[in-house]
Amino acid sequence: MPPALIFDVDGTLAETEELHRQAFNQTFAAAGLPWHWDRALYRRLLAVAGGKERLAAFVAAQAPERAGEVDIPALHAAKTARYTQMIAAGAVTLRPGIARLLAEARQAGVPVAIATTTSLPNVEALLRATLGEAGPGAFAVIGAGDVVPAKKPAPDIYAHVLRRLAIPASACIAFEDSTIGLAAARAAGIPTVVTPSLYTDEDDFTGALAVVSDLGDPQAPYRHLAGAGAGDGMVTIDTLARWSAAVEGRRSP
Ligand SMILES: [Mg+2]
């Protein structure tokens with residue numbers, strides 16, 4: 001049986017971080033807050049996973065005088081509303097190879113799931129906008145947002161998804177785009193394929209099963225960056241089964 005597939009969302013399914021950044025900035029302006037997150041600052045802020053947590057970390061570090069007056073959950077809810085509107089308006093597309101691999105998985109009867117720190121409304125909006133109304137239903141489990149208290153790099157969201165799938169970690173493959181996502185999946189024992197994104201191209205991906213520019217498509221093969229997959233050009237259910245078997249082979253004496 002090929003491995004089950006568990007996907008991160010932001011940066012992995014789609015390059016969403018620029019939209020998140022714009023939604024944060026529009027929300028600050030609408031609330032009369034004098035904050036603007038440029039790309040360099042946002043890159044640093046991404047070290048904290050989860051929008052609410054990121055906002056709280058920013059206020060604590062850079063605007064402590066406002067800590068008492070800013071309602072972080074309310075501000076984050078306003079940002080989520082803006083973000084889901086932008087997504088629903090078609091502001092984002094899936095990264096190369098994602099739709100193809102999901103279709104292959106459905107054909108092969110391979111379970112697919114999501115493990116993300118982003119809010120459930122964000123995930124559902126993205127899946128509907130890119131895969132159609134039935135998009136969210138294609139996933140056996142969607143682990144999102146505050147369902148577990150400890151966000152990535154803690155393994156909790158992956159452990160939650162594994163429990164719900166009732167599939168062992170070694171029979172799954174995770175897809176991530178960042179160091180903290182890779183750390184979360186690895187801590188849960190899941191071999192991980194990394195596709196670096198706009199904001200994570202300088203991250204450290206030591207320990208990844210494979211690092212490739214994207215999942216690749218027949219007309220546009222991926223660039224191999226590290227680990228398994230040199231010369232394959234495209235991540236398919238068959239290549240994943242092969243890479244997964246190689247990991248198993250190394251584990252058993
Ligand atoms: Mg990500």
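Would you mind classifying the stretch 146-212 by shape? Square roots of the alpha carbon gyration tensor eigenvalues, ordered a ≥ b ≥ c; an a/c under 1.5 is rounded, otherwise it is prolate if a/b is larger than b/c and oblate if not.
Here the stretch 146-212 falls in the oblate category.
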On a C-alpha basis, how far is the centre of the stretch 198-253 from the centre of the stretch 123-141 in Å? Whole number, if you could?
25 Å
Taking the Cα centre as origin and putting +1 on Lys and Arg beta-carbons and -1 on Asp and Glu beta-carbons, what dipole magnitude results for the stretch 17-88, to the nearest 20 debye?
180 debye
Sticking with the crude label model, points 7 Å out along Cα→Cβ, report the distance from Ala226 to Ala91 in nm, one decimal please.
3.2 nm
Compute the Rg to Rh ratio over the chain from the alpha carbon atoms, using the Kirkwood formula for Rh, and round to two decimal places.
0.97
Over the chain: helical MRE at 222 nm, DSSP H runs n ≥ 4 each giving -39500 (n - 2.57), nearest 500
-13000 deg cm²/dmol
Global geometry of the stretch 55-184, whether rounded, prolate or oblate, following the gyration tensor of its Cα atoms and the 1.5 cut on a/c
oblate
Which loop-located GluC sites (Glu not before Pro) does the stretch 159-253 contain, where loop means any DSSP state but H, G, I, E or B and the Cβ has at most 13 other Cβ atoms within 10 Å?
Glu202
Would you rank Val147, Val9, Val70 by solvent-accessible area, highest first, keeping every protein chain in place and using a 1.4 Å probe?
Val147, Val70, Val9
When the Cα centres of the stretch 1-18 and the stretch 54-108 are compared, how far apart do they sit, in Å?
14 Å
Evaluate E = 1/(1 + (r/R0)^6) for Ala29 and Asp204, where r is the Cβ-Cβ distance and R0 equals 30 Å; express this FRET efficiency to the nearest 0.05.
0.30
Would you kindly state how much longer the chain becomes between Val147 and Glu53 on full extension, computed as 0.36 nm times their sequence separation minus their alpha carbon distance, in nm to one decimal?
32.4 nm
At a 1.4 Å probe radius, carbon and sulfur cover how many percent of the accessible area of the stretch 17-88?
54 percent
Once phi is turned into θ = phi - 60°, what whole-Hz ³J(HN,Hα) does the Karplus curve with 6.51, -1.76 and 1.60 give for every residue of the stretch 46-54, x standing for Gly and Pro?
5, 5, 9, 7, x, x, 4, 5, 5
The long-range amide H neighbours of Ile114, using H built 1.01 Å from N in the peptide plane and a cut-off of under 5 Å, are Phe7, Val141, Ile142, Gly143
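The values are calculated or read from the model by the stated rules, or taken from the named source; none is laboratory data. As the structure is a computational prediction, the values presented were derived from the model and not from experiment. Every residue, glycine as well, gets a Cβ built from its backbone with ideal geometry; the counts of neighbours run over all protein chains shown. The protein model used for the area step is the full one, side chains on, heavy atoms only, and it has no ligands, DNA or RNA in it. Shrake-Rupley method; radii C 1.70, N 1.55, O 1.52, S 1.80 Å.
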